[in-house]
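The values are calculated or read from the model by the stated rules, or taken from the named source; none is laboratory data. The structure presented is a predicted model; accordingly, all values stated were derived computationally and were not measured. Positions of Cβ are backbone-derived with ideal geometry, glycine not excepted, and every protein chain shown enters the neighbour counts. Side chains included, ligands, DNA and RNA excluded: accessible areas come from the protein's heavy atoms. Shrake-Rupley method; radii C 1.70, N 1.55, O 1.52, S 1.80 Å.
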Amino acid sequence: MSQYKPYPAYKDSGVKWIGQVPEHWEIKPFFVLVSELNRKNTGLIETHILSLSFGRIIKKPENRNMGLIPESYETYQIVEPGEIMFRFTDLQNDKRSLRSAEVTQRGIITSAYMAVKPHGLGSTYLAWLMRSYDLFKVFYAMGGGLRQSLKFEDVKRLPVLVPSPEEQINITNAINEETARIDSLIEKTEQSIALLKERRSAFITAAVTGQIDLRKSA
């Protein structure tokens, strides 16, 4: 991060878990920047079932889902690329999951999910911002006590940071590039670890079966 410089001036966001933000950034409530979606899959016009798992949207195999009780899938809602989906259920029992992601393909989601369409800021920027809220455990705090789920009404006043459109693009590009670089390093590290484990196993086997001479020289 050393190549990135701080902004010239900052201000107090007024939100404890956000802290200082660039002076020229706006802070707006969630409901001003998004619209809650409710496109029912009436007539089963869509069959691609999407699920949110630890911050990733995955497509479920059609042969595992469709055809069993098809009438139930008419209550599912249709989502489109660029929209954001959330899983605000089981908040107190599951504090590890990442609960939001940007939709990248058209499909249907269970009504237990919440989906929104951004109209006041970039969808990928919003997706990354919600990911940071996730990492700060903001949603879990909103579901405090015995509350296990959240609805749009519960999060509609969530404070959202709004940089300029150009800054949103710059932020998005920087995060995409840096996370891709880190993911590549993780993959290479995991490959190195796997190779070292293989070498360790080979050495142990060779040592205990007498394949190598480990006698100390006189």
Discussion item. Quick check on the chain: helices-only [θ] at 222 nm, where DSSP H runs of length 4 and up contribute -39,500 (n - 2.57) each and the sum goes over total residues. Nearest 500, please.
Written reply: -10500 deg cm²/dmol
Worksheet entry | Table column - 3J(HN,Hα) (Hz), segment 178-184, Karplus curve with 6.51, -1.76, 1.60, x for Gly and Pro | 5, 5, 5, 5, 5, 4, 5
Worksheet, complete the sentence: Probe 1.4 Å, heavy atoms of protein chains only: per residue, the accessible area of the chain in Å² is 63
Worksheet item: So which lysines can Lys188 reach, going by Cα to Cα under 23 Å and dropping same-chain residues fewer than 8 places off?
Response: Lys197
Worksheet item: Between Ile27 and Gln191, what FRET efficiency follows from the Cβ-Cβ distance if R0 is 45 Å, with the result rounded to 0.05?
Response: 0.55
Fill in: Charge dipole magnitude, Cβ of K and R +1, D and E -1 - the chain, Cα centre, debye nearest 20
780
Worksheet item: Too long at a 22 Å Cα-Cα cut-off: which of Lys28/Lys151; Lys40/Lys117; Lys16/Lys117; Lys60/Lys151?
Response: Lys16/Lys117; Lys60/Lys151
Response to the item:
Counting sequence-distant residues (5 or more places) and residues on other chains, those with an amide H built under 5 Å from that of Ala101 are Met85
Worksheet entry | Within a Gaussian network of the chain (alpha carbon springs, distance under 10 Å), most fluctuating of Trp128, Trp25, Trp17 | Trp17
Worksheet item: Quick one: helix 123-135 against the long Cα principal axis of the chain, what's the angle to the nearest 10°, folded into 0 to 90?
Response: 60
Discussion item. Accessible area of segment 1-145 with a 1.4 Å probe: how many percent of it is carbon plus sulfur?
Written reply: 53
Discussion item. Test of the criteria: in segment 116-218, which trypsin sites (Lys or Arg not before Pro) are in a DSSP loop and have at most 16 other Cβ atoms within 10 angstrom of their Cβ?
Written reply: Lys137, Arg147, Lys151, Lys156, Arg157, Arg215, Lys216
Discussion item. Between Gln20 and Ser51, how high is the FRET efficiency from 1/(1 + (r/R0)^6) when r is the Cβ-Cβ distance and R₀ = 35 Å? Nearest 0.05.
Written reply: 0.40
Worksheet item: Can you run phi through the Karplus equation (6.51, -1.76, 1.60; θ = phi - 60°) for segment 24-31 and list ³J(HN,Hα) in whole Hz, with x for Gly and Pro?
Response: 8, 6, 9, 10, 10, x, 3, 5
Fill in: Of the trypsin sites (Lys or Arg not before Pro) in segment 76-124, those whose Cβ has at most 13 other Cβ within 10 Å and which sit in DSSP loop
Lys95, Arg96, Arg106
Item to complete: Using +1 at the Cβ of each Lys and Arg and -1 at the Cβ of each Asp and Glu in segment 88-181, identify which of Tyr125, Ile175, Tyr113 lies farthest towards the dipole's positive end.
Response: Tyr113
Fill in: Local net charge near Lys11, Cβ-Cβ under 14 Å (Lys/Arg +1, Asp/Glu -1)
-3
Worksheet, complete the sentence: A student asked for the Cα radius of gyration and Dmax of the chain in angstrom ought to give 23.6, 85
Item to complete: Report the relative contact order of segment 42-187, percent, no decimals, based on alpha-carbon pairs under 8 angstrom and at least 6 residues apart.
Response: 23
